[in-house]
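Single-structure report; data block below.
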Amino acid sequence: MKMTPLALTLPAPQTVMVSSSPIYLLPTSSLQNRTSFRAFCSSVSPETIHSEGSKAEYKPGILDHFFLNSFRDKLVKEVGWDSEKPGYGGLIELAKALMMNSRSNSHTKDAAVRILKSLFPPLLLELYKILIAPIDGGRVAAMMIARVTVLTCQWLMGTCKVNSVDLPDGTSCNSGVFVERCKYLEESKCVGICINTCKLPTQSFFKDYMGVPLLMEPNFCDYSCQQNQIEPVTCNFTRSLSFVYHRQASFSAEEVKIY
C-alpha cells in the first residue's frame, strides 16, 4: 500500500507570517479565506548590502535635534514608555516597541499615522488638502512636499535629494525624493519596522490628510529609498516567498514589493 505524506494532504496555508531573523514561513489561520501578510521584525543581513562606494553622511544641525526630540516625544506618548537610550538610538527602540506592542500591522500603521498627524496643526493639514492639493493636478503640492521633506527630514532618513519621477500621464515632475541610504532602516535593521512604521503609514498620511498620493520604494539591498508622488497599487509579491528560507533573509527589490 502506497503511503502519502501527511504534509501533502493538508491544505496550503492562506496566511503567511514572517518572524524575526533568521525568518521562516509560519502558517496561521485566515479570516474569510483571504490571503494576508504579517510582517514582524525581520533583519536584513549585512552580507546582502551592496555598497556603491562611500556616500556622504548627513550631519544634523540645531533644527534637526529639535525635530528629533519633537518626534520622539510623540512616540513616547503613543507607546506609553520611553527608552533610556539618548538620541537616535532611543528613537529606534521606541519604534520597535510601537510595532511589537501592537495587535496587528494595521494597528501599528494607524498608531504611526496618529503620530505623523500630531506633528502638524490640524487646520494646516485641512487647508493644504483643500487649497493646495488640487492645483495643477496635484503637482504643486507634490513638489512642495518633496522640498520640505529634504529640508526637514534628513535627520531621520539621512542624505536625500529631490529628483524627477515619471507620472502616469507620461510626463515627469520634480516631485520625487531619493534617499541614498536610509538611516531609519539601517539603524533598525528591520523590514517590519520599515514597512509598518514608515512606508505604509507615511503613504496613508499623505494621501488621506494632505491629498497627495505617495509610493515609497525601499531597497533592502542598499538601504536606499525612492519616494514617488504616484498612487500605490495593491500588494504584489513578484516572486515566490520561498526565498525567506535562505539564511538571514536576503531581500531585494526584485524579490518582494509591498505597496
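Kindly establish whether LEU151 is touching a residue at least 24 places away in the same chain (Cβ under 8 Å) and open to solvent by 30 Å² or more (accessible area, probe 1.4 Å). Judged against the criteria, LEU151 is not a match. Note on region 161-186: among residues that are without any contact (Cβ under 8 Å) to a residue 60 or more places away in the chain and of a type in the set (A, V, I, L, M, F, W, C), the one that is farthest from ARG72 (Cα to Cα) is CYS173.
Across region 85-100, the number of residues qualifying as in contact with a helix residue (DSSP H, G or I) (Cβ under 7 Å, 6 or more places away or on another chain) and open to solvent by 70 Å² or more (accessible area, probe 1.4 Å) comes to 2.
Out of region 198-228, which residues are among the aromatic types (Phe, Trp, Tyr) and within 17 Å of LYS109 (Cα to Cα)?
Here is the first cut: in region 198-228, the ones among the aromatic types (Phe, Trp, Tyr) are 205-206, 209, 220, 223.
Matches in region 198-228: PHE205, PHE206, TYR209.
Being charged (D, E, K, R), at pLDDT below 90 and open to solvent by 40 Å² or more (accessible area, probe 1.4 Å) narrows it down to one residue among GLU47, GLU78; which is it? Steps first, answer last, please.
On the way: GLU78 fails: at pLDDT below 90.
None of the other options fit; the residue is GLU47.
The values are calculated or read from the model by the stated rules, or taken from the named source; none is laboratory data. Everything numeric here is computed off the predicted structure, so don't read it as measured data. Note that each Cβ is placed from the backbone with ideal geometry, even for glycine, and that neighbours are counted across all protein chains shown. Note: areas computed on protein heavy atoms with side chains; ligands, DNA, RNA excluded. Shrake-Rupley method; radii C 1.70, N 1.55, O 1.52, S 1.80 Å.
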